[in-house]
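K.L.:
Quick one: the structure is below, and I'll ask about it shortly.
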Amino acid sequence: MAGNSFGQIFRFTTWGESHGPAIGVVVDGVPPRVPFAESDAQSYLDKRRPGQSRFTTQRKEPDAVKILSGVFEGETTGAPVSMMIENVDQRSKDYSEIAAKYRPGHADYTYDAKYGIRDYRGGGRSSARETASRVAAGALARKVIGSLTGGAVDIRGALVRVGEMALVSEARDWAHAADNPLWCPDPNMTPQWESYLDEVRKAGSSVGAVIEVVASGVPVGLGEPIYGKIDSDLAAAMMTINAVKGVEIGAGMGAAALTGEANADEMRMDGDNVTFGSNNAGGVLGGITTGQNLVVRFAVKPTSSILTPRETVGRDGADTDISTKGRHDPCVGIRAVPVGEAMMACVIADHLLRHRAQIGEFGSQAPFAKADKAAE
């Protein structure tokens, strides 16, 4: 199976299955002398782990991370950083009835068609359990970003839509988003979403969600104009997350309804700095960061595992019905928030290292910097 790695310089490879003994990640390209400890990764894994509220799967996993290599006396060595998370709450028997059936909306059929074998216990490699490994990699990416930017970059995520219920306000209360089980950035919407999801959960059904991830403090100049666009890498990163069916940057699909005048992010000088009147571009122009907030949203489909019987086919080629049992999320998008943050961090860390390798010091090639040098 190919395609288990992501990134160029900051490059991570995940391994393991949902119901295997463990999952993990190996991260290459990490500079030496970056402070990193298990507690740095654990704080983010705790935000993603299941069983923390009635709105997520009740699988009880501590998601305790162990650093196996690449760190010595609290700092990275420059060697590959390997991390492992043991699986402790597998219930493979919950999936025994679907061993010979393909679940609609899952990768069961396509995996079987491609490989001729599939791990039906929770989806195996295709399970959202794999995303815990990404969150561990993202925690390390944040430390790399901090070491390269002096802690200027802040990455935050939230849900902006749950099923039919979208946020009304464009304001984001990030502190509230990090302090409620739905990652809702609007205190007025949180109880409404909770009531809505309670109805969905009791009905044995599921709904989708839209997640927004914002990175502030990103320096100007990350990304390349053609195939190394930072927004194309961000889109690819988010599309690799389980159940994601759409990604947009800035105004995204909404830009199609704007006029050229409305869509243009007009510029003015504020001292020595360029400022923008709006951010429809989502912090990216021509594949290169502008210094504004990087804004990414991605849509997660409803959890495919539901109690309502659905029509399907079996491995024997016969038509049949299926009702998926086990422990599932009524809205899998809830736990996708820290995963989206992690993927944003990995992309930014990768582009920071790529920029440093090709260009050098951040901002050294800016037009105003060159003008100042010429004046000297």
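The values are calculated or read from the model by the stated rules, or taken from the named source; none is laboratory data. Because the structure is a prediction, the values reported are computed rather than measured. Ideal geometry is used to build each Cβ from the backbone, glycine not excepted, and the neighbour counts take in all protein chains shown. All accessible areas refer to the heavy atoms of the entire protein, side chains included, with ligands and DNA or RNA removed. Shrake-Rupley method; radii C 1.70, N 1.55, O 1.52, S 1.80 Å.
K.L.:
Got a sec? Which of Lys202, Lys229 is among the basic types (Lys, Arg), free of Cβ contacts under 8 Å to residues at least 24 places away in the same chain and more than 19 Å from Lys47 (Cβ to Cβ)? I'd like the intermediate steps shown before the answer.
P.N.:
Numbers: Lys229 fails: free of Cβ contacts under 8 Å to residues at least 24 places away in the same chain.
On inspection, the qualifying residue turns out to be Lys202.
K.L.:
Of the residues that make up the range 157-173, is at least one open to solvent by 50 Å² or more (accessible area, probe 1.4 Å), free of Cβ contacts under 8 Å to residues at least 40 places away in the same chain and of a type in the set (Ser, Thr, Tyr)? It would help to see each step written out before you state the result.
P.N.:
Here is the first cut: in the range 157-173, the ones open to solvent by 50 Å² or more (accessible area, probe 1.4 Å) are 161, 164, 168-173.
Cutting the leftovers down to free of Cβ contacts under 8 Å to residues at least 40 places away in the same chain gives us 168-171, 173.
So of that shortlist, the ones also of a type in the set (Ser, Thr, Tyr) come out as 169.
The answer is yes; a qualifying residue exists.
K.L.:
Search the range 15-50 for residues being open to solvent by 10 Å² or more (accessible area, probe 1.4 Å) and within 20 Å of Val337 (Cβ to Cβ), and hand back the single one that is modelled with the lowest pLDDT.
P.N.:
First, the residues of the range 15-50 that are open to solvent by 10 Å² or more (accessible area, probe 1.4 Å): 15-17, 19, 21-22, 26, 28-29, 31-33, 35, 37-40, 42-44, 46-47, 49.
Of the ones still in play, those that are also within 20 Å of Val337 (Cβ to Cβ) are 40, 42-44, 46-47, 49.
On the way: Asp40: 97, Gln42: 96, Ser43: 94, Tyr44: 95, Asp46: 92, Lys47: 91, Arg49: 79.
Here the residue is Arg49.
K.L.:
Do we find that Pro219 is touching a strand residue (DSSP E or B) at 6+ places or on another chain (Cβ under 8 Å) and part of a loop (DSSP other than H, G, I, E, B) in this structure?
P.N.:
yes
K.L.:
Also, I was wondering about something else. Quick one: what pairs do we get from the range 330-356, first residue within 22 Å of Arg54 (Cβ to Cβ), second among the basic types (Lys, Arg) and open to solvent by 10 Å² or more (accessible area, probe 1.4 Å), C-beta under 7 Å, 6+ apart or different chains?
P.N.:
Pro330/Arg201; Pro338/Lys47; Val339/Arg134
For (1) at positive phi; (2) modelled with pLDDT under 95; (3) in a strand (DSSP E or B), each residue gets a yes or a no:
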position	(1), (2), (3)
Ala237	no, no, no
Ala256	no, no, no
Ala262	no, no, no
Gly282	yes, no, no
Gly333	no, yes, no
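K.L.:
What residue, of Pro225, Pro181, is assigned to a loop (DSSP other than H, G, I, E, B) and in contact with a Gly (Cβ under 9 Å, 6 or more places away or on another chain)? Don't jump to the end; show me each part of the working.
P.N.:
Numbers: Pro181 fails: in contact with a Gly (Cβ under 9 Å, 6 or more places away or on another chain).
Among Pro225, Pro181, only Pro225 is assigned to a loop (DSSP other than H, G, I, E, B) and in contact with a Gly (Cβ under 9 Å, 6 or more places away or on another chain).
K.L.:
So Arg129 clears everything in (1) open to solvent by less than 50 Å² (accessible area, probe 1.4 Å); (2) over 30 Å from Gln192 (Cα atoms); (3) among the charged types (D, E, K, R) except one condition, right? Which one?
P.N.:
For Arg129, the exception is condition (2).
K.L.:
Additional query: I want to confirm something. Restricting to the range 214-232 and keeping residues that are closer than 22 Å to Pro185 by Cβ and of a type outside the set (S, T, N, Q), which single residue is surrounded by the fewest Cβ atoms within 10 Å (Cβ to Cβ)?
P.N.:
Looking only at the range 214-232, we keep the residues that are closer than 22 Å to Pro185 by Cβ, and these are 214-218.
With of a type outside the set (S, T, N, Q) added as a condition, the list becomes 214-215, 217-218.
Numbers: Val214: 20, Ala215: 24, Gly217: 15, Val218: 26.
This residue is Gly217.
K.L.:
Say we look at the range 92-126 and pick out the residues that are more than 26 Å from the chain's Cα centre (by Cα) and modelled with pLDDT under 85; which of these is least open to solvent (accessible area, probe 1.4 Å)?
P.N.:
Ile98
K.L.:
Can you name the condition, by its number, that Ala299 falls short on among (1) closer than 30 Å to Asp154 by Cβ; (2) in contact with a Phe, Trp or Tyr (Cβ under 7 Å, 6 or more places away or on another chain)?
P.N.:
All conditions pass for Ala299, except number (2).
K.L.:
Being in contact (Cβ under 8 Å) with a residue 60 or more places away in the chain, surrounded by fewer than 22 Cβ atoms within 10 Å (Cβ to Cβ) and over 14 Å from the mean Cα position of the chain (by Cα) is the requirement here; does Pro309 meet it? Spell out how you get there, then give the answer.
P.N.:
Working: in contact (Cβ under 8 Å) with a residue 60 or more places away in the chain: no; surrounded by fewer than 22 Cβ atoms within 10 Å (Cβ to Cβ): yes; over 14 Å from the mean Cα position of the chain (by Cα): yes.
Spelling it out, it is not the case that Pro309 is in contact (Cβ under 8 Å) with a residue 60 or more places away in the chain, surrounded by fewer than 22 Cβ atoms within 10 Å (Cβ to Cβ) and over 14 Å from the mean Cα position of the chain (by Cα).
K.L.:
Do the conditions hold for Ala349, that is, is it at pLDDT 95 or above, in contact with a Gly (Cβ under 7 Å, 6 or more places away or on another chain), part of a helix (DSSP H, G or I) and surrounded by 16 or more Cβ atoms within 10 Å (Cβ to Cβ)? Steps first, answer last, please.
P.N.:
Working: at pLDDT 95 or above: yes; in contact with a Gly (Cβ under 7 Å, 6 or more places away or on another chain): no; part of a helix (DSSP H, G or I): yes; surrounded by 16 or more Cβ atoms within 10 Å (Cβ to Cβ): yes.
No, not satisfied.
K.L.:
Moving on. Considering only the range 233-242, how many residues are surrounded by fewer than 20 Cβ atoms within 10 Å (Cβ to Cβ) and among the small types (Gly, Ala, Ser)?
P.N.:
So the count comes out to 2.
K.L.:
Let me ask something additional. Out of curiosity, is Arg142 touching a Leu at 6+ places or on another chain (Cβ under 9 Å), at pLDDT 90 or above, among the basic types (Lys, Arg) and surrounded by 14 or more Cβ atoms within 10 Å (Cβ to Cβ)? Spell out the reasoning first.
P.N.:
Numbers: touching a Leu at 6+ places or on another chain (Cβ under 9 Å): no; at pLDDT 90 or above: yes; among the basic types (Lys, Arg): yes; surrounded by 14 or more Cβ atoms within 10 Å (Cβ to Cβ): yes.
It is false that Arg142 is touching a Leu at 6+ places or on another chain (Cβ under 9 Å), at pLDDT 90 or above, among the basic types (Lys, Arg) and surrounded by 14 or more Cβ atoms within 10 Å (Cβ to Cβ).
K.L.:
A further question on this structure: Between residues in the range 26-39 that are more than 15 Å from Ala64 (Cα to Cα) and residues that are of a type in the set (D, E, K, R) and not in a strand (DSSP E or B), which pairs lie under 8 Å by C-beta distance while being six or more apart or on different chains?
P.N.:
Once the first residue is more than 15 Å from Ala64 (Cα to Cα) and sits in the range 26-39, its partners that are of a type in the set (D, E, K, R) and not in a strand (DSSP E or B) give Gly29/Asp350; Val34/Lys143; Pro35/Lys143; Phe36/Lys143.
K.L.:
In the range 255-267, is there at least one residue being surrounded by 12 or more Cβ atoms within 10 Å (Cβ to Cβ), closer than 30 Å to Thr131 by Cβ and out of contact with any Asp or Glu (no Cβ under 6 Å at 6 or more places or on another chain)? Quick ask: steps written out before the conclusion?
P.N.:
Of the range 255-267, the ones surrounded by 12 or more Cβ atoms within 10 Å (Cβ to Cβ) are 255, 258, 263-265.
Okay, now just the ones that are also closer than 30 Å to Thr131 by Cβ, so 255.
Narrowing the set further to residues that are out of contact with any Asp or Glu (no Cβ under 6 Å at 6 or more places or on another chain) leaves 255.
Yes: one or more hits.
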